[in-house]
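Working notes, structure below.
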Amino acid sequence: MKRKQTSVIHVGNVAVGGDAPVSVQSMCNTKTQDVEATLRQISALAAAGCEIVRLAVPDMEAARALSAIKERSPLPIVADIHFDYRLALEAAERGVDKIRINPGNIGGDDHVKAVADACRKRGIPIRIGVNGGSLEPALLEKYGRPTPEAMVESARHEVALLNRFDFDDICLSLKASSVPLTIAAYRLASEEFSYPLHVGVTETGTLRNGIILSSVGIGTLLNEGIGDTIRVSLTGDPVEEVKTGVAILKAAGLRTGGVRFISCPTCGRTEIDLIGLANQVEQRLQGLDRDITVAVMGCVVNGPGEAREADYGIAGGKDCGMLFKKGEIVERVPEDRLCDALLEMIMKDEG
């Protein structure tokens, strides 16, 4: 896979675009004006691997809270602006690291100019956040419905406006709740623009469905070299968005580090509680900052062979299992000791 080369923006200390690593973003679901709750959530997101965080700014109370949050946040702050351009001006004044505006609802050209002027003055990049569900009425009338072409035309118009006002520190997103529509829109945008692309599928739903839709949409684009920063959108704890985003990057070969866990499906040859064991091992490995692969396999016949690339693993037997390392069997262990013995072997080697 070769990544599409894009221009670079800086969101605080995080580079987005060019050869910079693909970063993971999320969005707080706290009330922004509740500074302490928001900072607690930002800290949890950072601990999970988040690198940029976005905050809703629905009113002036939330905008004014950005100063205190920015001062103590471990992550760069993006202000999410809808409808009232004056909130973007206030957010810029409060020192945010990026502003997201929606072409479908930010207002007329004079509003866009005011935001561009404020951001240029302070070196703040702008994300043009096109959303299939909030396209401009004229585009919906022209195309009849949200289409990839309509979404790219929306982005094109807003880019031209910002360029006219001498602003080019731009990032683009073109999200929809439909995975095929999202993929098609990003493909068109990648062909037309050289700006960095913030990739995601919006409104994907709760955890299971959201992970599936996001993995298909984001994963497809990343494996085509499209995307410079990602956000998984889930109805739930945003920490799960970050965990999923990191996992997608690892699956796409764009991020290393941390334990890679693999396990086989159960079958008639399995003579241990493989499901329970796999869940136990995976839980125990969480938080271990080692670049290793650990496998839990159901049978001794195929286990070490199928998982020969694993650094450590278990191959199940009858009421017992074989510990293996680099494809070689190390010892036989009773079933009730397998998880502990595996972790002991890993910690002995990895410290």
Heavy-atom surface of the range 1-97, accessible at 1.4 Å and reported per residue (Å²):
44 Å²
Round to the nearest 10 and give me the degree value, 0 to 90, for the angle of helix 274-285's Cα axis relative to the longest principal axis of the chain.
60 degrees
Leaving out ligands, DNA and RNA, what percent of the accessible area of the chain is carbon and sulfur, probe 1.4 Å?
50 percent
Express in whole angstrom the spacing between the alpha-carbon centres of the range 233-281 and the range 114-132.
37 Å
For the chain, take every pair of Cα atoms, bin their distances at 10 Å starting from 0, and report each bin as a whole percent.
6, 23, 28, 20, 12, 9, 3, 0
If you build a Gaussian network model of the chain, linking Cα atoms that sit under 10 Å apart, which residue out of F193, F83, F261 swings the most?
F261
For the chain, calculated [θ]222 nm from helices alone, where every DSSP H run of n ≥ 4 adds -39500 (n - 2.57)
-13000 deg cm²/dmol
Note down the accessible area of H82, probe 1.4 Å, to the nearest 10 Å².
60 Å²
Taking a probe of 1.4 Å, how large is the accessible area per residue of the range 234-308, in Å²?
52 Å²
Whichever lysines have a C-alpha closer than 19 Å to that of K325, once near sequence neighbours (fewer than 8 apart) are set aside:
K348
Just to check I understand the Karplus step: with θ = phi - 60° and J = 6.51 cos²θ - 1.76 cosθ + 1.60, what whole-Hz values come out for the range 342-350, glycine and proline as x?
5, 5, 4, 5, 5, 5, 5, 7, 9
Which far-off residues, 5 or more places away or on another chain, put their amide H under 5 Å from the one on K325, with H placed in the peptide plane?
V330
J(HN,Hα) series, the range 60-74, from Karplus relation 6.51 cos²θ - 1.76 cosθ + 1.60, nearest Hz, glycine and proline x:
5, 4, 5, 4, 5, 6, 5, 4, 5, 5, 4, 4, 10, 6, x
In the range 31-176, lysine pairs with alpha-carbon atoms under 26 angstrom apart (chain gap of 8 or more, or interchain)
13
Rounded to 10°, Cα long-axis angle of helix 207-222 versus longest principal axis of the chain:
70 degrees
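The values are calculated or read from the model by the stated rules, or taken from the named source; none is laboratory data. For clarity, every value in this text was computed on a predicted model and none was experimentally measured. Just the protein is used for accessible areas: all its heavy atoms, side chains included, with ligands, DNA and RNA removed. Shrake-Rupley method; radii C 1.70, N 1.55, O 1.52, S 1.80 Å.
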